[in-house]
Amino acid sequence: MPTFSAVHLEFIAFAALWTIGLSAIAFVGGGIVGFAVALARISHIRALRYAAIVYIQVVQGTPLLILLFLIYFGIAIVGFNEVPAIIAAGIGLTIYSSGFLAEIWRGCIESVPKTQWEAAECLALTPWQRMTRVILPQALRIATAPTVGFLVQIVKNTSLASVVGFVELAQAGKLINNSIFEPFTVFMVVAAFYFAICFPLSTWSRSLERKLNVGRR
Amino acid sequence: MTYQFDFAALLPYWHEFLQGALLTLQLSAIATVLGFILGTLCAIGRADGPRWVRFLVATYVEVIRNTPLLVQVFIVYFGIATLGFHVGADMAAVIALVVNVGAYTSEIVRAGLESVHKSQLEAADCLGLSRTQIYWHVVLRPAIERVYPALTSQYVLLMLASSITSQISAEELTAVANRIQSDTFRSFETYIVVGVIYLALSFIVRIGLWLFGLVVFVRRRKLGTAL
């Protein structure tokens, strides 16, 4: 019976890179979609606003696991066979993070004081200018801390991509465990890798929050 | 796209869906109650405990919040087994969920405890309240009342996250779905149905916790305002 060795550690370390890669895909994809949804959520067009509300409610009200299963089987229905696991996992995590990022960013955009919106209008800025020159730069400052905090959630949730056969940290742990059956050691090592990725992000998010609150203390 | 949707194939299984949904609710309810108790105790320990308790709680919270629930579930399920105790999948699921949500609850309640103003404590002291009375009436209850909305969203997330325990075959809704889809080969339909059930459950949990808040926090109901 083989025991846990450097080879296994190397396999896990390699899988950690995939976890980071998948997180990056989810963050970039989710960021783009989520930003669009956040803008739709505060739009003046009622239909657009309601569509965004429904989208956010549905994404936040169903487990990511179910979302991933739906995409995995849905892709086959639309007619693609043999879609690489990274695409299915990437789409699922993109949808998931867009639903949460949209709501976080909406809050940040709306927390820019109303007088700023009015002042921009008085200066005859177009809605586009108002958004890009006045509102977003201020919202961005408020948004960094919660966004980095959500990044931790994304990294942790990539562990669910294992259900569609994507080999990231958690799946690598499962595979190794199947061959040597030392679950405690294997999953402790896997957990340590996740911690090593997430803890710096959490700490960073907290320090950003503190810096932002300096003026208010 | 020539796929024929066939939800009728799932009709004979309605009873199992219901059973799974009830088990999910049950699992989340137990985890919520125990996790709330654990989290509140940890928050108190971190705010007012001796140094080693504070350190212990801080470590617990950071470790849990920075690792995925899936890995925690595996560690509990397989880890306890290697230690020589036999626990069923449902039991392991409950333990993992309680440990997980306890850490999040602790952070939320701690924020509430920190928001209690010092002058409130001094006022209570002047009124001659005992230490326990002060802690219960002036610190803990208002603190929890203030962070109750945040706790509510956390427990809705917990209910959704309980789907992860299907990975160790705890018999909740997602595990039921996995079984039904392999029986019927109607995977897409099954997961749509289950997705809708989860959506309904999250509304139910949200409304349930809101009503519970109305009953428990009398002051908010009577004055119509938050603290």
Rounded to the nearest 10, the angle in degrees between the Cα long axis of helix B:69-82 and the longest principal axis of the Cα atoms of chain B comes to 80
Ranked by GNM mean-square fluctuation in chain A (Cα springs under 10 Å), the top entry among A:VAL78, A:VAL112, A:VAL190 is A:VAL78
Extend 7 Å from the Cα of A:THR185 along its Cα-to-C-beta direction; within the range A:15-31, residues with backbone N under 16 Å of that point are none
Fewest to most Cβ atoms within 10 Å: A:ILE104, A:ILE176, B:ILE75 sort as A:ILE104, B:ILE75, A:ILE176
Tilt, helix B:89-114 to longest principal axis of chain B (alpha-carbon atoms), in degrees rounded to tens, equals 30
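Rounded to the nearest 0.05, what FRET efficiency do A:LEU17 and B:ILE37 have when you use their Cβ-Cβ distance and R0 = 45 Å? Show your work: numbers first, answer last.
On the way: r = 40 Å, r/R0 = 0.88.
That gives a FRET efficiency of 0.70.
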For peptide A:169-175, the mean count of other chain Cβ atoms within 10 Å per residue Cβ is 2
Of B:THR82, B:THR165, B:THR105, the most mobile residue in a GNM of chain B (C-alpha springs, cutoff 10 Å) is B:THR82
Taking Cα atoms, the helix B:141-161 axis meets the longest principal axis of chain B at an angle in degrees (rounded to 10) of 20
Here the range B:122-132 yields Karplus 3J(HN,Hα) values (6.51, -1.76, 1.60; θ = phi - 60°; whole Hz; Gly and Pro given as x) of 5, 4, 4, 4, 5, 6, x, 6, 6, 4, 5
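Please report A:GLU103, B:GLU172, A:GLU209 as a ranked list, fewest other C-beta atoms within 10 angstrom at the top and most at the bottom. Can you show the working numbers first?
Details: A:GLU103 19, B:GLU172 26, A:GLU209 14.
Exposure proxy ranking, most exposed first: A:GLU209, A:GLU103, B:GLU172.
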Most fluctuating of A:ASN157, A:ASN81, A:ASN177 in the GNM of chain A (C-alpha, under 10 Å) is A:ASN81
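Hey, can you list the DSSP H helices of chain A whose Cα span along the axis is 27 Å or longer and whose average Kyte-Doolittle score is at least -0.5? Could you put the intermediate results ahead of the total?
On the way: long enough: A:6-41 (50 Å, 1.72); A:85-110 (37 Å, 1.13); A:136-157 (29 Å, 0.79); A:183-212 (42 Å, 0.89).
Counting only whole DSSP H runs, the qualifying helices are A:6-41, A:85-110, A:136-157, A:183-212.
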The simple spin-label model distance between A:TRP204 and B:PHE5, using points 7 Å out along Cα→Cβ, in nm, is 4.2
Neighbour-count ranking for A:LYS174, B:LYS118 (other C-beta within 10 angstrom, fewest to most) reads B:LYS118, A:LYS174
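We did not get these values from a lab; they are worked out from the coordinates using the rules stated. This structure is a prediction, so every number in the text was calculated from the model and none was measured. When we count neighbours, we look across all protein chains shown, and the Cβ atoms used for this are built from the backbone with ideal geometry, even at glycine.
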